[in-house]
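What follows is a set of notes on a single structure, which appears directly below.
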Amino acid sequence: MYAITKEFHFSASHQLGALPAGHQCARTHGHNYLVVLELRCDDTELTEPGFVRDYGELDEFKHWLDATFDHRHLNDAVPGMNPSAENLAWWVYHQWVERLPELSCVRVSETPRTWATYRGK
């Protein structure tokens, strides 16, 4: 099994619901997010040049990520969903798995030491 990853960055605000009064994440606040896509395939699925997928083909994802999330309020960008890192990883995966069938995992970081991961395969 081969795997490649590529990371992307955006900045946004959010406010998480269903938290106790006074919880710091219940207030509107922002993060410098890091999103990592992982794409996988086995030996028989590598492209002719030997790629899982050409990294250049992920430029479309970067444009989408910027247009959808960068410098936005995530509660508005993804209406009806509590925009936790876990939910964002799930949502991004499901928005992109049809366009990137090799997509196996989306990781979202809000801080340098915290990560949420959604593995679809």
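Table for the structure above
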item	result
Search result, residues across segment 23-38 that are within 18 Å of residue 63 (Cα to Cα) and either of a type outside the set (Val, Ile, Thr) or in a loop (DSSP other than H, G, I, E, B) (or both)	32, 33, 34, 37, 38
Selected residue (only one of 89, 18 is closer than 17 Å to residue 103 by Cα and of a type outside the set (Phe, Trp, Tyr))	89
Residue check, residue 78 crowded, with 17+ Cβ neighbours inside 10 Å and over 19 Å from residue 29 (Cα atoms)	no
Answer residue from segment 25-44, given it is surrounded by 13 or more Cβ atoms within 10 Å (Cβ to Cβ) and over 18 Å from the mean Cα position of the chain (by Cα) and is nearest to residue 3 (Cα to Cα) among those	41
Residues (surrounded by 15 or more Cβ atoms within 10 Å (Cβ to Cβ) and either in a loop (DSSP other than H, G, I, E, B) or among the hydrophobic types (A, V, I, L, M, F, W, C) (or both)) located in segment 56-69	58, 61, 64, 65, 69
Any pair with Cβ under 9 angstrom, 6 or more apart, that starts in segment 60-74 at a residue that is in contact (Cβ under 8 Å) with a residue 24 or more places away in the chain and ends at one that is among the basic types (Lys, Arg)	60/99; 61/6; 61/99; 62/6
Among the residues listed as 106, 92, the single one being in a strand (DSSP E or B) and either modelled with pLDDT under 95 or under 13 Å from the mean Cα position of the chain (by Cα) (or both)	106
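The values are calculated or read from the model by the stated rules, or taken from the named source; none is laboratory data. Bear in mind that the values here come from a model prediction, so they are computed numbers and not experimental data. Reconstructed Cβ throughout: ideal geometry from the backbone, glycine too, with neighbour counts over all protein chains shown.
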